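The values are calculated or read from the model by the stated rules, or taken from the named source; none is laboratory data. Every value quoted in this text rests on a predicted model; they were computed, and no experiment measured them. Note that each Cβ is placed from the backbone with ideal geometry, even for glycine, and that neighbours are counted across all protein chains shown. Please note that ligands, DNA and RNA were not included when accessible areas were found on the heavy atoms of the full protein model with its side chains. Shrake-Rupley method; radii C 1.70, N 1.55, O 1.52, S 1.80 Å.
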Amino acid sequence: MVNLSILISSSEVSGPGGLFDINATLPLVAIQFILLMIILNVILYNPLLTVIEERKEYILNNLAKASKILSEANELTAQYEQELNSVRKEAQLEITNSQKIHKEILEIELNISQKYIDNLLDNITKDLLDKKNTA
């Protein structure tokens, strides 16, 4: 710490102008700065900007493709949902028709069974009456 304060106090500039003395070095520093900016522009900034621009175009193209694919997927989804609804309606109609047919068949079989049972009861009743009368 003590050495640092001695170094600072001994580094005082003597003479006119001090730290900001305007002489031949100022234009030389300005030229060096401009040259550095030109070199950095050519070597670093332009290639970096082109890479950034290419990346931006790549991302925009991918976003456009993605939105196109998404819209096609939405259209296909709507189409498939429409087909699914129509198939569901057809299946429901088939189920309803099948239930009607089975109900009619069941009623016919019930009627046949009822007639058979009625005939059987009539025959048993007649047999019993005949046996009763003969007995």
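Would you kindly find the accessible area of Ile112, with a 1.4 Å probe and non-protein molecules such as ligands, DNA and RNA excluded, rounding to the nearest 10 Å²?
110
Just want the answer: with Cβ charges of +1 for Lys and Arg and -1 for Asp and Glu, which residue in Leu93, Thr134, Leu63 is farthest toward the dipole's positive end in region 59-135?
Ranked along the dipole, the leading option is Leu63.
Would you tell me the accessible area of Tyr45, worked out with a 1.4 angstrom probe on the heavy atoms of the protein chains, in Å² to the nearest 10?
Tyr45 has an accessible surface of roughly 90 Å² with all protein chains in place.
Projected area of region 16-85, taken from the Cα convex hull and averaged over every viewing direction, in nm²?
Details: hull surface 32.1 nm².
Its Cα hull, projected and averaged over all orientations, spans 8.0 nm².
For Lys126, which lysines qualify as cross-link partners when the Cα separation must be under 18 Å and same-chain residues fewer than eight apart are set aside?
Lys115
In the full protein assembly as shown, how much of Thr77 is accessible to a 1.4 Å probe, in Å² to the nearest 10?
Result for Thr77: roughly 70 Å² accessible.
Once you list every other residue whose beta carbon is under 11 Å from the beta carbon of Leu49, what net charge do they have if Lys and Arg are +1 and Asp and Glu are -1?
In short, 0.
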